[in-house]
Every structure is written in C-alpha cells, then in structure tokens.
Amino acid sequence: MSAAEFETSETPVQMPANGLRFCVETRGNPEGEPVMFVMGLAGQMTLWPDSLIDQYTRAGYRVILFDNRDIGLSSRLKGHVKGHPLKAMARYRLGLSVPAPYTLYDMADDLVGILDAMAIDSVHLFGISMGGMISQLVAGRYPERVRSATLVMTSANSPSLPMPKPALIWKLSGGGTNGHDEASVVERSVRFWQAIQSPDYPADLDEVAERVRSDYRRSYYPAGILRQTRAILGAGSLVNVTRQIRVPTTIIHGKDDPLVRPVAAEQLSHLIPHAHRHMIPGMGHDLPNALMPTLAGHSLDMIRG
C-alpha cells in the first residue's frame, strides 16, 4: 500500500488528558511514525495549512493535530486572569513571577497527556510560536517522549529578548477595532495578519478573511486567548529547560518576523548547540503556502536522519 493511500483525515475526537478534554485529529498512515503539530497563541488546529500537513502524510507519517486548552473545541477553562496586562508584562520583563491560571508547563503536560491517552510512546514535534515553546518544554523535560523537535518562529521566552515592533503591539491589542461580532473579529484579525505576514509572500486577504470567518464559526472564545497569553508570561524564561534539549532539533525562523524577532532563533541555537538553524529570507510570522515545501523539507531531512 502506498503512502498516498493514507492521505485521508480521521474525524476529530474528544480525548481526555491531564484532567481536560482535547479535540484531536489524525491524518496519514496510522502505522507511520507520529508527528505532532503544536499550534501557537490563539490558533486553532484548523490554522495548519494542508500544503504543510500533506507533505508528511505523503511521506508515510502519522500526523496528529489538536486544539490547545482554551481554544477551538478543546476544554474551556474559567480561571480569572488577575492583574492589569501592562503590569503583568512589566513583571515578566523584570524577570518577576506573573500570576496566571495556568502556564506553558501545564500546556506541555497536556501534550504528554494526549500521547498517554493515544498510547503513543514518543513523537516528532513540530511547534510554531507558543507551540514551539511548549515543544521545548516537552523535549527538555520529557526527552523519552520526543524523537525530534522542529521549532518554528519561536523563542525561549527570555525577558531579555527584544519586544515586537510598537505598531504591532497596538494591533495585537486590537487597537482601532472593538467588538466581538463576526465582522469586527474578521476586520481585526485581517489587520493583524497584514502586520505579521511574510513581506515576500503576501497572503490573499480575501482568503485570510474567509479562514477567520470559518474559525470564528467553529469556536470564538477570547477569554481563553487572554489566559493563553498569561500562560506565556507566567512561565517566564524557558532557558534552563531549553538548554537541556538533547533530541535532534531544527530551528526555522523568518528573517523578517516582526513578532518573534530573529535574534530569538540565534539564542535558541546557542542554547541547543546541536540544532540546525535555518533563517528564511522574506518570511514573517505566518505560514505562506509558497514556503511550506521549504519548512517541511528542513524538518523531514532531520526526521529521516
């Protein structure tokens, strides 16, 4: 049976893990090596481009997608986010503790819990942005569960790293657009997407808007996004865990990323000296279809050894 015959998607299921329930979908060869994709802040698993996932299923791998806690169709939590966001950011930048309903460490335990529920001993991880931070925590703390790690547009969450550009922080906070109705969310999201997209690979904004509408109708839970944001600040620097990573690692980062600045990839390569680092010209903080063969190629080269 050829790998191409496995290019079908199983129906997403609700899976218990770490005291919560997670929406999990698998694709590809059920007997293939598992590759788990870990999404970033505010991203549902529907944000993964088929043009990326298909390259793994065609190569015979078993792809695992899931919604993180507080997003999509996974468990919604109710913990209150205490303190003003600016005060929380200031404490984070000073290296002080930040109160949070949960942190990235809990989200890393979610991932391990999903593997336990699926009876999977170990996986290859592909994490972007916040998902790359979660992947670092799993690879550093549970090395026996990780075969390799692909870390894309992410960082070790060090407070010393440069902040996003001021104009981007304004858009990230929803500046200029209010409301939680579909039209307002689409407008706000498209505006933010324009600010972070790859300058050499601009997106079709009509397609972006349609994807936002689809995700809005699937699930819209802004309180969860606030808690995920606080989870990043509450985790603090991951440097001490990241430097413990011994599994094969590939670092991929856009040279024009305005959100997680390219110096973050340089720091990661120092913390994980055996890692291979790839800086992509013209790439921002998104996943343009034109670059998916490049990203998958770097990742699969490492996986195949």
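Between the alpha-carbon centres of the stretch 12-68 and the stretch 148-167 there is a gap of 23 Å.
The residues of the chain have, on average, 43 Å² of accessible surface per residue, using a 1.4 Å probe with all protein chains present.
Note on the chain: with charges restricted to the Cβ of Lys and Arg (+1) and Asp and Glu (-1), its dipole about the Cα centre is near 1360 debye.
Summarising the amide proton neighbourhood of L125: residues at separation of 5 or more, or on other chains, whose placed amide H is nearer than 5 Å comprise M36, R147, S148, A149, T150.
Structural descriptor for the chain: relative contact order 21 percent, calculated from alpha carbon pairs under 8 angstrom and at least 6 residues apart. The portion of the accessible surface of the chain made up by carbon and sulfur, rounded to a whole percent, is 53 (1.4 Å probe; DNA, RNA and ligands excluded).
Quarter the surface of the alpha carbon convex hull of the stretch 195-239 and you get the mean projected area, 5.0 square nanometres. For A167 and D206, a Förster radius of 25 Å and the Cβ-Cβ distance give a FRET efficiency of 0.60, rounded to the nearest 0.05.
Structure remark: mean-square fluctuation, Gaussian network model of the chain, C-alpha springs under 10 Å; the largest value among L151, L86, L287 belongs to L86. Equivalent-ellipsoid semi-axes for the stretch 115-267 (Cα gyration tensor, √(5λ), whole Å, largest first): 29, 19, 15. Keeping all protein chains in the complex and leaving out DNA, RNA and ligands, what accessible area do you get for S189 with a 1.4 Å probe, in Å² to the nearest 10? Per-residue accessible area (S189): approximately 40 Å². Amide H contacts for G284 (H built 1.01 Å from N in the peptide plane; partners 5 or more residues away or on another chain; cut-off under 5 Å): S198. Extending 7 Å from the Cα toward the beta-carbon at both Y221 and Q14 defines two label points whose distance is 1.1 nm. The H on the amide N of S74, modeled in the peptide plane, is under 5 Å from the matching H of C23, each at least 5 residues off or on a different chain.
From its DSSP helices (H runs of at least four residues, each -39,500 (n - 2.57)), the chain gives a residue-normalised ellipticity at 222 nm of -12000 deg cm²/dmol. Listed values for the stretch 276-283 are Karplus-derived 3J(HN,Hα) couplings in whole Hz (6.51 cos²θ - 1.76 cosθ + 1.60, θ = phi - 60°), namely 9, 10, 10, 9, 9, x, x, 9, and x replaces Gly and Pro.
Using the Cβ-Cβ distance between H80 and R58 with R0 set to 41 Å, the FRET efficiency works out to roughly 0.35. Note on N240 and R93: the model spin-label points, each 7 Å out from Cα along the C-beta direction, lie 2.4 nm apart.
The values are calculated or read from the model by the stated rules, or taken from the named source; none is laboratory data. It should be emphasised that the depicted structure is a prediction, and the values quoted were computed from it without experimental measurement. When we count neighbours, we look across all protein chains shown, and the Cβ atoms used for this are built from the backbone with ideal geometry, even at glycine. With ligands, DNA and RNA removed, areas are computed over all heavy atoms of the protein, side chains included. Shrake-Rupley method; radii C 1.70, N 1.55, O 1.52, S 1.80 Å.
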